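Asks: I have a structure here, written as structure tokens, and I will follow up with some questions on it.
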Amino acid sequence: MGLWKNLKYVLSDECNGLLRLLVDHYNRRSEKNEKSIHDVLIKVQQMLDTQEVLDNNMSDSYRELRENKEDISKVSSQCESVFSRCETIVSQISQMETEAAARGQDLSQLIGQEFEKQKEEITKGNQMLAARIREFYAYVEAINEPDPDVPNVHDLLARIDTLEKKNKEYEVQLTNVRKELEETKDAYTAADRSYQDEKRKTFHLSKKLVQANDKINDLLVRVKDRSLENMLQRDEADNPFLITQNKEKYSITAGNIQIMVTRFANTVMLDRFFENVPDHDPYKKMYNRYQKDIRSTARQFTPKSRLEDVLQAFVLVVQEDLIEKIIETIYRRLKSGRAEFEENLLAVLNQYLEAIGFYCRDELKVGEIFKEEDLEDMECVQDNHGTSAGEIGEILEIAMYPYYINYIDKSGKRKKMYTKGLMTVIA
């Protein structure tokens, strides 16, 4: 039994030594001896297995020792075999150490060569860096050289001092201006308060004036309506809007178109009337428009033009520019009260229209019932608000009379052209 224990301890110590040696060589392994180390590991594992077998067999052998002493010799032979294997492993490990030392020397040489190469590269890099530094210093020195185009610093400082003095002067002036502005602002505020007070007073006065003006207008309307009604109810000879001298005249024919054009374009009597009237006057502006349109129309035709076409064009201009604008405006103005200028202008317009050949249809009278045929040359405005107590169809107002003009066509027939009038009737 003591022999087996001693054998077990010897094998354990040997195995532990081999393992430590194996670990040390494993830490210093290289690519070429990895296979040898692997073989050693296999052998160590086999030895450990053998030890385990021995451990297991120790108890069995102890029992068998009593039964059969011959087995002791077998175990001794096995131990000798194990010892031989261990010696083989130690020799292999020693050989691996020798090879590793040789490889270490080769590695040292390679490292030295690599260090020399890096040293040379670093030296070259240092030389290039030194050259770059010298170039940089040369560039800096070139930059720091004085530029002849750059102004002198002393001159700039002198200019700055001058500008600072002027700036102080401007600041003093600005302070004075601000003081004046504040004083002006205070004065403006006081004036504005005074203005607001006056404005309130004026507003109250204006309200009173408006009220008084409304009362005056009511009185004037009553007086003017009566005046206009009296004026329109006069005899035909006294009505300023009626012209009747050309009723039976047929002076326009197809053979004297040029004479007719000349009559329309001849506005001498109107020119004389408006020559002293200011240009901004509304009547003069309307007349200038008519003068421009009538002359433009006169240039469009020749003596060979068709009579109806020429006459229709002129009648249209007279209706749109003279009757519907100037004469109707005169009527509204006279309706609002006596107007000497409008009366004189109406007299001149009547002379001009009579010279051309126009006349009014005078069968229409305020207060009479209009007839169906009256609607051919009159536009009718119906008054359905109940402001008058007259009969339905009664003519309340004639704002514009229809103006007629006679002519003889190419075949010798007597014909008429007219402009439309405007009246208000009770609906």
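Asks: Subtracting the Cα-Cα distance from 0.36 nm times the residue separation, let me have the gained length for Gln245 to Ser108 in nm, one decimal. Don't skip to the answer; put the middle values down first.
Replies: Numbers: separation 137, 0.36 × 137 = 49.32 nm, distance 14.53 nm.
34.8 nm is the gain from fully extending Gln245 to Ser108.
Asks: What pairs from Lys371/Lys416; Lys285/Lys420; Lys365/Lys413; Lys247/Lys413; Lys247/Lys285; Lys365/Lys420 go past 25 Å between their alpha carbons?
Replies: Lys365/Lys413; Lys247/Lys285
Asks: Mind checking the per residue accessible area of segment 250-315 for me, 1.4 Å probe, whole number of Å²?
Replies: Per-residue accessible area for segment 250-315 comes out at 58 Å².
Asks: Something else now. Place the peptides 324-334, 162-172 in order of packing, highest mean first, counting for every residue the other Cβ atoms within 10 Å and averaging per peptide.
Replies: The packing order, highest mean first, is 324-334, 162-172.
Asks: Extension gain Glu340-Asp409, at 0.36 nm per residue separation less the Cα-Cα distance, in nm?
Replies: Stretched out fully, the Glu340 to Asp409 stretch lengthens by 20.8 nm.
Asks: Given R₀ = 30 Å, FRET efficiency for Glu99-Asp49 by Cβ-Cβ distance, to 0.05?
Replies: 0.60
Asks: Mind ordering 124-132, 251-259, 310-318 by average Cβ neighbours within 10 Å, highest first?
Replies: Final packing ranking: 310-318, 251-259, 124-132.
Asks: If r is the Cβ-Cβ distance from Val348 to Thr175 and R0 is 56 Å, what FRET efficiency results, to the nearest 0.05?
Replies: With a Förster radius of 56 Å, E is 0.20.
The values are calculated or read from the model by the stated rules, or taken from the named source; none is laboratory data. Worth saying up front: this structure is predicted, and the values here are computed from it rather than measured. Because the Cβ atoms are built from the backbone with ideal geometry, glycine has one as well, and the counts that use them run over all protein chains shown. We work out accessible area using only protein heavy atoms, side chains counted, and drop any ligands, DNA or RNA first. Shrake-Rupley method; radii C 1.70, N 1.55, O 1.52, S 1.80 Å.
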